[in-house]
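Note sheet for the following structure.
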Amino acid sequence: MPTDTKRVRGPEVSQSPSLFSCDPAAVLPSKGPRADGRRRDQVDVRPVFVRCGLVSQAKGSAYLEAGNTKLMCCVYGPRETDRKDETDMKCGRLTTDMRFAPFSCPERGSWIQGSQDKDFSLMLHESLQPAICLHKYPRSQIEVNVMVLENSGSVLAHAVTCASLALADAGIEMYDLVLGCSMRQDGTSYVVDPSYMEENGCSSVSCENQGGLTVAFLPSLNQISGLQSDGDMTEETLTAGVRTCIEGCYKLYPVIQRALTKAVRKAAPSQSES
């Protein structure tokens, strides 16, 4: 029997696509340790690995890994801006772009920037702009590009930290570093630095006091540069959540300082060269 050359046939050994489909989100336990062993109702963040100066083509770059969440940030500029209005004559312009790689989430996405990417880009811009001395760069623009390689929760908070580290690596004058931390409130319990399952799951039967909170914090100045919340939380819960996120940022601060110091020492010329 002649073969059909116009039909795209599958491999000889194949399996049903239903075997690879994601299982429905199970109800998460509201008590006891979390899935990764961390404790509930305490400021227990995931171990963080950071590295600066990995992309040679960029003015500054940083890579951050927290658990299975992996991000890369590149900073370009300051360069001459195309638009020359009155605002650009007095101070510079900051542009941010945050995108998810198609393979970063359990459900494969697209390279085209979606609504979630645009919202995260705007939140990233609002969190970084108060910390940058834009008046030092008139008629210029600074571009910050963040690529999420793997999304395992708390991606916006870690993107703020990674972008701030890349700006410092690029030599951009800043008032202070910007650190991000997030938490998830689920009834009377909360988790800090939630994973992807904890962000999209629910362990409480009732829908009261449910929501998420992300804080961008300047540790040396003790100021909040950005705050994003969703869900339905009471005023007392929101206030306590902000304090919890600030404490989480202070826990990350020494790690970011050591990574930046290591990058500066590596880039500085040795005594024999000088």
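For segment 108-119, the criterion of being out of contact with any strand residue (DSSP E or B) (no Cβ under 6 Å at 6 or more places or on another chain) and of a type in the set (Ser, Thr, Tyr) is met by at least one residue.
Listed here are the residues, each with its yes/no results for (1) part of a helix (DSSP H, G or I); (2) modelled with pLDDT of 90 or more; (3) under 20 Å from PRO47 (Cα atoms).
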site: LEU221; (1), (2), (3): no, yes, no
site: SER225; (1), (2), (3): no, yes, no
site: VAL242; (1), (2), (3): yes, yes, no
site: GLN257; (1), (2), (3): yes, yes, yes
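Per the listing LEU128, LEU124, LEU64, the residue uniquely surrounded by 14 or more Cβ atoms within 10 Å (Cβ to Cβ), without any contact (Cβ under 8 Å) to a residue 40 or more places away in the chain and within 29 Å of GLU198 (Cα to Cα) is LEU124. Per the listing ARG184, ARG139, the residue uniquely open to solvent by 30 Å² or more (accessible area, probe 1.4 Å), of a type in the set (Lys, Arg), farther than 22 Å from ILE246 by Cα and modelled with pLDDT under 95 is ARG139.
Checked against the criterion of being modelled with pLDDT under 80, surrounded by fewer than 10 Cβ atoms within 10 Å (Cβ to Cβ) and of a type in the set (S, T, N, Q), the candidates SER30, SER56, SER16 yield just one match: SER16.
Residues in segment 67-81 that are modelled with pLDDT of 90 or more, open to solvent by less than 30 Å² (accessible area, probe 1.4 Å), closer than 24 Å to GLY92 by Cα and out of contact with any Lys or Arg (no Cβ under 6 Å at 6 or more places or on another chain): 2 in all.
The values are calculated or read from the model by the stated rules, or taken from the named source; none is laboratory data. This structure is a prediction, so every number in the text was calculated from the model and none was measured. Using ideal geometry, Cβ is built from the backbone for each residue, glycine included, and neighbour counts are taken over all protein chains shown. Calculation scope for accessible area: heavy atoms of the full protein, side chains included, ligands and nucleic acids excluded. Shrake-Rupley method; radii C 1.70, N 1.55, O 1.52, S 1.80 Å.
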